[in-house]
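The values are calculated or read from the model by the stated rules, or taken from the named source; none is laboratory data. On a predicted model such as this, the values are computed, not experimentally measured, just so you know. Cβ placement follows ideal geometry from the backbone for every residue including glycine, while neighbour counts extend to all protein chains displayed.
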Amino acid sequence: MEVAQKRVAHLPWMRNPLDIDQFEERPLDRVSCLDPRLKEALRKMQIESLFPVQLAVWLETIGPGGFERDICVNSPTGSGKTLAYALPIVQSLSTRKIRCLRALVVLPTRDLALQVKEVFEAIAPAVGLTVGSAVGQSSIADEISALIKRPRSERYSSLDPEYQAQIEPETSVDILVATPGRLMDHITMTKGFSLEHLRFLVVDETDRLLREAYQSWLPTVLQLTSSTNQDLFSRENSTISMPRSLTTIRRSGVERGFKGRCYPRLMKIILSATLTQDPSKLSQLELHHPILLTSGMKRYRLPEKLQSFKLICKSKLKPLCLVALLEELKGEKCIVFTSSVESTHRLSTLLSFFGDLPFQFSEYSRLQRQSVRSKTLKAFREGTIQVLIATDAMTRGMDVEGITNVINYDMPSYVKTYIHRAGRTARAGLSGSCFTLLRKHEMKRFDSMLQKAENNTCTLRTVPSQTINGLLTVYSNALEKLKEKVESETARRKYGGGFKSTAKLSSRKKVTDEGE
Ligand SMILES: Nc1ncnc2c1ncn2[C@@H]1O[C@H](COP(=O)(O)OP(=O)(O)OP(=O)(O)O)[C@@H](O)[C@H]1O
């Protein structure tokens, strides 16, 4: 039996983490200090108890930990990380009297941000809080009118009307869920958008968000929320060029001092199923006495009830192996991951020429417009589409009820990608299967990649050769039609068609499509 090796983290505070596994699921009635209104809201969501990661974070925030330290969570996909931060934030803000932006949650993609917003929306109104989003789903003007309001005039009725006219608009939501790009748009351009009162910053899918600068959103947010004179001084000498309009000084009243400091500290929660341990990346977050909450001895862990399978097939026969496997899965909800937007488009186009397949499928990648993607995702959630052919845009965080299978049509290049892809199934303690189609030469690399994760057993699986043989004629016709289609898309592009085709993308480098 393999003994799990504990990899020593570089950062001292990461070497003695709090083990999430020591906690057990706890019924809501036994969760100390939980606001009864939130308990009721959770029950409406069919939630009767807190998962271990949720209880662990609760104890470090609302419980004895009292939000004294910044929190870093590394726990498996589907373990309930969203509610782990949403619940303590909402409970902490529930006593606030004045509406202003106090919690900011940043996520790498729009669909993910909207999903997280839904979780907040299910609990925050119960304690009178409002939730907004800055994700670019609607026009910037619509977003501004949903986020920014003029203060109610009766609050200032005793003031001179001339002075009243000068009162700045202010943020009208307590909690904002945002993608970095749109967040920066509001920070730089939206009058009245202020982070002055921010108390909580959540960086979900941290390793993904730290991988790119995204217009320097993180240093900008940290500077705008820093509170000491020292910070103001260093802002002047900063290498980040701040827009002239960004002169907000964090000057909110004393809410909760920290070790003698009169300004409220910005509390940070960072999370991922594959949290980075890279000191240079983590240092960007300027964490305050961080505590690491993690499950398992290895850095990466697959969900307990996930079964992994590998299918060995020749390159040429991969589409047939896929169809045979999908036929065996009999219309169960399934995501098929490819390595790029081009492969996703090509594979779904090819399958569309197979004729009558016993499942409905659709393409999902950033090759499509957001409106098309949202429609596809809705159909997939509702079950009118059972198979989604997707890029890694679907890899992180997406939570779709009833996905029982994930298929890696193209082997992922990194164990992190495997973890996130496989994690679209076997969520919230349910079972699920992850199949990976491999060519012979990929087997060794795949096996050693899986060794990096706990619960990594992978069983060899086959599909009946008579199914494959029975599909050969249809396949060769479909390949012919695919060729014609690619040619026509190339021509359309050449003569100015607006459609983003595979042909257009083929002239560029391969687009792997993770994050926006
Ligand atoms: N206490 C709970 N009881 C029952 N279901 C829960 C509970 N908490 C969360 N869930 C459900 O578990 C699923 C996974 O939760 P969530 O999306 O927060 O996982 P995650 O850890 O963020 O996963 P990922 O790493 O993939 O983003 C969701 O469908 C959510 O509704």
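Looking at region 312-345, which of the residues that are part of a helix (DSSP H, G or I) and in contact with a Pro (Cβ under 9 Å, 6 or more places away or on another chain) is surrounded by the most Cβ atoms within 10 Å (Cβ to Cβ)?
Per the stated criteria, the residue is Leu326.
May I ask you to say which residue of Ser194, Ser241, Ser234, Ser252 is at pLDDT 55 or above and of a type in the set (S, T, N, Q)?
Unique residue meeting the criteria: Ser194.
I want to confirm something. Restricting to region 266-277 and keeping residues that are within 20 Å of the chain's Cα centre (by Cα) and in a loop (DSSP other than H, G, I, E, B), which single residue is farthest from the ligand (Cβ to nearest atom)?
Within region 266-277, the match that is farthest from the ligand (Cβ to nearest atom) is Gln277.
Return the total of residues in region 114-145 being of a type in the set (Ser, Thr, Tyr) and within 27 Å of Thr95 (Cβ to Cβ).
The qualifying residues number 2.
Within 25 Å of the chain's Cα centre (by Cα), at pLDDT 60 or above, under 28 Å from Arg110 (Cβ atoms) and surrounded by 12 or more Cβ atoms within 10 Å (Cβ to Cβ): is that true of Ser295 in this structure?
The answer is no for Ser295.
Could you figure out which of (1) in a loop (DSSP other than H, G, I, E, B); (2) modelled with pLDDT under 95 isn't true of Trp13?
(1)
Within the set of pairs 6 or more residues apart or between chains, which connect a residue that is crowded, with 24+ Cβ neighbours inside 10 Å inside region 89-108 to a residue that is among the basic types (Lys, Arg) and assigned to a loop (DSSP other than H, G, I, E, B) with Cβ atoms less than 6 Å apart?
Arg102/Arg199
Scan the strands (runs of 3 or more DSSP E) fully inside region 47-154 and keep the ones with 1 or more residues being under 25 Å from Lys375 (Cα atoms) and more than 10 Å from the ligand (Cβ to nearest atom).
By residue number, 103-106, 131-134.
Starting from region 453-480, take each residue that is touching a residue at least 40 places away in the same chain (Cβ under 8 Å) and list its partners that are basic (Lys, Arg) and part of a strand (DSSP E or B), counting only C-beta distances under 7 angstrom and pairs at least six apart or across chains.
Final answer for the pair search is Ala453/Arg301; Glu454/Arg301; Asn455/Arg301; Cys458/Lys310; Leu460/Lys310; Arg461/Lys310.
Hey, Glu118 hits all of (1) touching a helix residue (DSSP H, G or I) at 6+ places or on another chain (Cβ under 9 Å); (2) under 22 Å from Ala146 (Cβ atoms); (3) not hydrophobic (A, V, I, L, M, F, W, C) but one; which does it fall short on?
(1)
When region 280-305 is examined, which residues are found to be assigned to a strand (DSSP E or B) and among the hydrophobic types (A, V, I, L, M, F, W, C)?
Ile291, Leu292, Leu293 - these are the residues of region 280-305 that are assigned to a strand (DSSP E or B) and among the hydrophobic types (A, V, I, L, M, F, W, C).
Which one of these does Phe446 not meet: (1) closer than 30 Å to Pro76 by Cβ; (2) touching a Phe, Trp or Tyr at 6+ places or on another chain (Cβ under 6 Å); (3) surrounded by 15 or more Cβ atoms within 10 Å (Cβ to Cβ)?
(2)
Is there any pair linking a residue in region 201-227 that is within 22 Å of Val415 (Cβ to Cβ) to one that is outside any loop (DSSP other than H, G, I, E, B) and aromatic (Phe, Trp, Tyr), with Cβ under 8 Å and at least six apart or on different chains, and which?
Cβ pairs passing all conditions: Asp204/Tyr85.
For region 25-38, which residues satisfy the criterion of being among the basic types (Lys, Arg) and within 12 Å of the ligand (Cβ to nearest atom)?
Within region 25-38, just Arg26 meets the criteria.
Can you report the number of residues in region 353-384 which are within 16 Å of the ligand (Cβ to nearest atom) and over 20 Å from the mean Cα position of the chain (by Cα)?
Within region 353-384, residues that are within 16 Å of the ligand (Cβ to nearest atom) and over 20 Å from the mean Cα position of the chain (by Cα) number 2.
For Val387, work out the one condition from (1) within 14 Å of the ligand (Cβ to nearest atom); (2) surrounded by 23 or more Cβ atoms within 10 Å (Cβ to Cβ); (3) modelled with pLDDT of 95 or more it doesn't fulfil.
Status for Val387: all satisfied but (1).
Applying the selection to region 43-54, what residues are surrounded by fewer than 21 Cβ atoms within 10 Å (Cβ to Cβ) and either hydrophobic (A, V, I, L, M, F, W, C) or more than 21 Å from Ala122 (Cα to Cα) (or both)?
Once the filter is applied, which keeps residues that are surrounded by fewer than 21 Cβ atoms within 10 Å (Cβ to Cβ) and either hydrophobic (A, V, I, L, M, F, W, C) or more than 21 Å from Ala122 (Cα to Cα) (or both), region 43-54 yields Met45, Ile47.
So Glu401 passes all but one of these: (1) touching a residue at least 60 places away in the same chain (Cβ under 8 Å); (2) at negative phi; (3) within 15 Å of the ligand (Cβ to nearest atom). Which condition number does it fail?
Glu401 satisfies every listed condition except (1).
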